[in-house]
Amino acid sequence: MMIAVLIVHGLLAVTLLGAITHQCLSALRAKPARTLSFVDRYTSVNQRVFTWAVVMLYGTTTLSGAIIYPSYRLNVRVPFEEMSLGWAVGLFELKEHFGGLGLCLLPLYVWLWQPQQTQSHARDRLAITLILAFIVWWDFLVGHVLNNIRGLP
Amino acid sequence: MRLRFSPIIFMLAYCLIYIAALLWDLPAFLYYPLHGQLSWGPAVVKGLGPAMAWYGIMAEAALVAAILAVIVPDRWFANRMQNVLWTVPVAAMLICTFLMRTFFG
């Protein structure tokens, strides 16, 4: 059962990673696309359409992570401690806390991407989106590395 | 009176409460995965195996921040913190990293 949830968690994380990265790169590219290159096509999407997809994916990814977390605590963290892999435990602690802090950014993220805030909070909008992207990438990579060291039984 | 949820106040309050709970080890409850039990407050109950504080920290931060987001007006923060709102979660993440440094020593 936990393996199935872990796989769903990983698939949701990949989808989230794609959505937030696409939105970030598009938001960072200030100039309108002039050519039909892959990069121009990739970054010329409507950035707003990603907002609710990111929120739903972040929420469901965190929820599925919260479901498998007790299994990690018992079956992965304890062996990490026995193997003196304190750094691995530390990386997961950061993943957990960054993920938890990311949740509080979601209402602000939705608010900042509303058309009314386009002019007044441009820097906040880009920065909060980049912070969310950093959290998603960090959590994804740390989860992947730790699962390679010792996966759930 | 019309109640309005402020995402700015929610983010500010959540970050502050989360970091305070982490700093002073004050989760609302602890979860013991070995027995599937909860205990209220930060005190660890012996004999129940490893305790998890993350759920308790998130629950208390979300609950208190949601209440504050409804009752505290956000006009002052929205004006004064325009385009520097992002510094609060960055500071919270840096404090988290500092608090976790013992794992890497």
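The numbers here are math on the coordinates, done by the rules we state, and not lab data. For clarity, every value in this text was computed on a predicted model and none was experimentally measured. With ideal geometry, Cβ positions are generated from the backbone for all residues, glycine too; neighbour counts draw on all protein chains shown.
Out of all the residues in region B:43-76, which are within 11 Å of another protein chain (Cβ to nearest Cβ), in a loop (DSSP other than H, G, I, E, B) and either closer than 26 Å to B:Pro33 by Cβ or of a type in the set (A, V, I, L, M) (or both)?
Within region B:43-76, B:Gly49, B:Pro50, B:Ala51, B:Ala53 qualify.
Kindly provide the set of residues from region A:121-153 that are in contact with a Ser or Thr (Cβ under 7 Å, 6 or more places away or on another chain) and outside any helix (DSSP H, G or I), ordered by number.
Once the filter is applied, which keeps residues that are in contact with a Ser or Thr (Cβ under 7 Å, 6 or more places away or on another chain) and outside any helix (DSSP H, G or I), region A:121-153 yields only A:Leu152.
With A:Phe50, A:Phe38 as the choices, which residue is away from chain B (no Cβ under 14 Å), of a type outside the set (Val, Ile, Thr) and out of contact with any helix residue (DSSP H, G or I) (no Cβ under 8 Å at 6 or more places or on another chain)?
Working: A:Phe50 fails: out of contact with any helix residue (DSSP H, G or I) (no Cβ under 8 Å at 6 or more places or on another chain).
Every option except A:Phe38 fails the conditions.
Quick grid of which residues meet (1) out of contact with any Leu (no Cβ under 7 Å at 6 or more places or on another chain); (2) facing another protein chain (nearest Cβ under 7 Å); (3) within 19 Å of B:Trp54 (Cα to Cα):
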position	(1), (2), (3)
A:Thr61	no, no, yes
A:Ile67	yes, no, yes
A:Gly86	yes, yes, yes
A:Leu94	yes, yes, yes
A:Gln119	yes, no, no
A:Ala122	yes, no, no
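Give the residue, chosen from A:Val5, A:Val54, A:Val14, A:Val39, that is free of Cβ contacts under 8 Å to residues at least 24 places away in the same chain and not basic (Lys, Arg).
Only one candidate qualifies: A:Val39.
In the list B:Leu22, B:Leu63, which residue meets the criterion of being within 10 Å of the chain's Cα centre (by Cα) and free of Cβ contacts under 8 Å to residues at least 40 places away in the same chain?
B:Leu63
Only residues that are over 30 Å from A:Gln114 (Cα atoms), crowded, with 20+ Cβ neighbours inside 10 Å and among the hydrophobic types (A, V, I, L, M, F, W, C): list them for region B:6-46, please.
B:Ala21, B:Leu22, B:Leu30
Return the total of residues in region B:1-58 being touching a strand residue (DSSP E or B) at 6+ places or on another chain (Cβ under 9 Å) and small (Gly, Ala, Ser).
8
Give the residues of region A:100-138 that are touching a residue at least 40 places away in the same chain (Cβ under 8 Å) and farther than 18 Å from A:Ala53 by Cα, sorted by residue number.
A:Trp138
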